[in-house]
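The structure appears right after this line, and notes come after that.
The values are calculated or read from the model by the stated rules, or taken from the named source; none is laboratory data. All values reported here derive from a predicted model rather than from experimental measurement. When we count neighbours, we look across all protein chains shown, and the Cβ atoms used for this are built from the backbone with ideal geometry, even at glycine.
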Amino acid sequence: MNTDTFAKWLETHANLKPYSIGRYSKAIDTISSELGDYGLQRINLFNLSDTAFIDTILNNPEFKRKNDKGNRMYSTALKHFRRYIEQYNDKEFQEELFAPVHRHEKNNLGCLC
C-alpha cells in the first residue's frame, strides 16, 4: 500500500474529482508525518493492517484541531483510507486484484512461443 495505490483505489471506488483524489491520497502521508505532533506513535499509515489506529487518530484532540482548520479534509481522507484498508485486506478483493495476473500466467503455461 502506498499513496499511488490509494489514489488508484479512490479513482475506482469513490465518486471524487481528480483534485480531491490527489488531496486525500497526499493527506495520508501528511498525517503519517505529523502523528508525533499529536502525541501518537509515529508510523507510516500505509503499513497499517488494522483500522483501529485510525479511530485513535480521529479522536485525538490535536488532530481534531488541525482537521477543523482544514475543513475536515483530513478526517474524510482517513475515512476513505479505512475503507481502502478494509478492502485491501479482504481475501476476495485480493483474489480479484490478482486474478488477471494468474489468468495470464495460466494461459501462457502451454505456450511454445
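If the condition is being polar (S, T, N, Q) and free of Cβ contacts under 8 Å to residues at least 40 places away in the same chain, then region 67-84 contributes 67, 71, 75.
Got a sec? Which of 70, 39 is on the phi > 0 side of the Ramachandran plot and surrounded by fewer than 18 Cβ atoms within 10 Å (Cβ to Cβ)? Walk me through it before giving the result.
Working: 70 fails: on the phi > 0 side of the Ramachandran plot.
Only one candidate passes the filter, namely 39.
No other residue among 10, 97 is modelled with pLDDT of 90 or more and out of contact with any Pro (no Cβ under 8 Å at 6 or more places or on another chain) apart from 10.
Anything in region 33-49 that is of a type in the set (A, V, I, L, M, F, W, C) and not in a loop (DSSP other than H, G, I, E, B)? List them, or say none.
The first filter runs over region 33-49 and keeps only residues of a type in the set (A, V, I, L, M, F, W, C), leaving 35, 40, 43, 45-46, 48.
If the condition is that a residue be of a type in the set (A, V, I, L, M, F, W, C) and not in a loop (DSSP other than H, G, I, E, B), then 35, 45, 46 are the ones that fit.
Whenever a residue of region 47-60 is surrounded by 15 or more Cβ atoms within 10 Å (Cβ to Cβ), its partners that are of a type in the set (Ser, Thr, Tyr) and in a helix (DSSP H, G or I), lying with C-beta atoms within less than 7 angstrom and at least six residues away or across chains, give the pairs 58/75; 60/38. The criterion of being within 14 Å of the chain's Cα centre (by Cα), among the aromatic types (Phe, Trp, Tyr) and under 25 Å from residue 68 (Cβ atoms) holds for residue 24. Out of the residues in region 50-73 that are assigned to a helix (DSSP H, G or I) and charged (D, E, K, R), state the one that is nearest to residue 38 (Cα to Cα). Once the filter is applied, the top-ranked residue is 62.
Exactly one residue out of 83, 72, 42, 23 is among the basic types (Lys, Arg) and touching a Phe, Trp or Tyr at 6+ places or on another chain (Cβ under 9 Å), and it is 83.
With the structure loaded, tell me whether residue 64 is without any contact (Cβ under 8 Å) to a residue 12 or more places away in the chain, surrounded by fewer than 12 Cβ atoms within 10 Å (Cβ to Cβ) and farther than 15 Å from residue 83 by Cβ or whether it fails that test. It is false that residue 64 is without any contact (Cβ under 8 Å) to a residue 12 or more places away in the chain, surrounded by fewer than 12 Cβ atoms within 10 Å (Cβ to Cβ) and farther than 15 Å from residue 83 by Cβ.
Just one residue in the set 91, 26 is at pLDDT below 90 and among the charged types (D, E, K, R); that residue is 91.
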